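Only one structure is covered here, and it is reproduced in the block below.
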Amino acid sequence: KQEVTQIPAALSVPEGENLVLNCSFTDSAIYNLQWFRQDPGKGLTSLLLIQSSQREQTSGRLNASLDKSSGRSTLYIAASQPGDSATYLCAVTGGGADGLTFGKGTHLIIQP
Amino acid sequence: SQTIHQWPATLVQPVGSPLSLECTVEGTSNPNLYWYRQAAGRGLQLLFYSVGIGQISSEVPQNLSASRPQDRQFILSSKKLLLSDSGFYLCAWSRWVDTQYFGPGTRLTVL
């Protein structure tokens with residue numbers, strides 16, 4: 001059974017810092033990995049999707065990397081802003097119509 | 001563009017009462033549809049998924065059921081709610097193994 005772990009569970013940093021969120025998964029036979037953002041009481045917003053054949057994806061100040069063989073992914077946020085404060089979730093899927101297996105998330109606070 | 005709707009947004013129900021949550025998708029056809037639950041202190045858990053009308057797969061044994069009466073409509077139901085059914089319910093859609101897109105969610109409190 002696939003398990004996804006995210007470290008740290010919570011993170012508070014001053015505005016402007018670059019930061020890294022970590023995600024690990026136990027079964028390397030994944031089809032893709034997604035990073036999501038969740039604001040309090042809201043649904044999920046997809047940030048980046050990395051196919052299993054890819055090493056990284058970038059969108060603006062966000063960069064996600066994937067090391068499938070070691071079961072790890074990182075989300076790099078450059079020049080953090082207070083608006084980046086949210087919970088960041090990592091999820092993997094095995095393919096087909098499979099649903100996503102999620103980690104418990106990293107609760108991020110960017111201090112102005 | 002595609003849009004996903006969920007209602008109601010919030011719901012407070014007594015233990016033992018029935019439940020019906022609805023999810024609809026606009027702007028696409030034959031989507032894969034999913035129900036997830038986010039309980040306090042726990043991660044998002046997949047409850048059901050559907051690849052077509054009348055086709056439902058359940059991931060975990062539970063007090064809930066799902067139905068897909070139309071191509072873009074997904075319903076989550078219960079005959080008798082339990083306290084443990086409280087949580088934030090999210091519906092999502094995707095095109096096969098593409099990105100999953102989530103709805104705004106329904107906050108269910110069972111008292």
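The values are calculated or read from the model by the stated rules, or taken from the named source; none is laboratory data. What you see is a predicted model; the values in this text were computed from it and never measured. So basically every Cβ, Gly included, is an ideal-geometry build from the backbone, and we count neighbours across all protein chains shown. Remember, those area values only see protein heavy atoms, side chains included, never the ligands or the DNA or RNA. Shrake-Rupley method; radii C 1.70, N 1.55, O 1.52, S 1.80 Å.
For region A:42-112, the relative contact order comes to 21 percent (Cα pairs under 8 Å, sequence separation of at least 6).
In chain B, Cα pairs under 8 Å separated by at least six residues give a relative contact order of 36 percent.
When chains A and B come together, the accessible area they lose, probed at 1.4 Å and totalled over both chains, is close to 1500 Å². Placing one equal scatterer on every Cα of chain A and applying the Debye formula, the log10 ratio I(q)/I(0) at q = 0.12, 0.13, 0.15, 0.18 Å⁻¹ is -0.38, -0.44, -0.59, -0.84. Loop-located chymotrypsin sites (Phe, Trp or Tyr not before Pro) in region B:35-111 (DSSP state other than H, G, I, E, B) with a sparse environment of at most 16 neighbouring Cβ atoms within 10 Å: B:TRP96. Net charge near B:VAL15: determine it from the other residues with C-beta under 10 Å of the C-beta of B:VAL15, scoring Lys and Arg +1 and Asp and Glu -1. With Lys, Arg at +1 and Asp, Glu at -1, the net is 0.
Check each of the GluC sites (Glu not before Pro) in region A:1-87 and keep only those in coil by DSSP with at most 15 other C-beta atoms within 10 angstrom; list them in order. The qualifying sites are A:GLU3, A:GLU15, A:GLU17.
Accessible-area loss of 40 Å² or more (1.4 Å probe, protein heavy atoms, chain alone versus all protein chains) is found in region B:90-105 for B:VAL97, B:THR99, B:GLN100, B:PHE102. Length gained on full extension, A:ARG55 to A:ALA79: 6.4 nm, using 0.36 nm per residue less the C-alpha separation. Between B:LEU11 and B:TRP96, what's the calculated FRET efficiency when r is the beta-carbon distance and R0 is 35 Å? Round to 0.05. My answer for the efficiency is 0.65. For chain B, DSSP calls about 90 percent of its internal beta bridges antiparallel.
Tally up the carbon and sulfur contribution to the accessible surface of chain A as a whole percent, 1.4 Å probe, everything protein left in place.
On the way: 2500 of 5210 Å².
The computed percentage sits at 48.
Summarising the label geometry, the points placed 7 Å from Cα in the beta-carbon direction at B:GLU59 and A:GLU17 lie 3.2 nm from one another. Peptide A:98-106 has a mean shielding of 6, counted as Cβ atoms of other protein chains within 10 Å of each residue's Cβ.
Bridging of A:LYS68 to lysines at a Cα separation below 25 Å is possible for A:LYS1, A:LYS104, once same-chain residues fewer than 8 apart are set aside. The fraction of accessible area contributed by carbon and sulfur in region B:54-99 is 52 percent, rounded to a whole number (1.4 Å probe; ligands and nucleic acids excluded). Summing charges over neighbours of A:SER80, with a neighbour being any other residue whose Cβ is under 11 Å away from its Cβ, gives -2 when K and R count +1 and D and E count -1.
Other residues whose C-beta falls under 11 angstrom from the C-beta of A:THR101 contribute a net charge of -3, scoring Lys and Arg +1 and Asp and Glu -1.
In this Cβ point-charge picture (+1 for Lys and Arg, -1 for Asp and Glu), chain A has a dipole of about 120 debye about its Cα centre. Using only side-chain charges placed at the Cβ, +1 for Lys and Arg and -1 for Asp and Glu, the dipole size of the protein assembly as shown relative to its Cα centre rounds to 360 debye.
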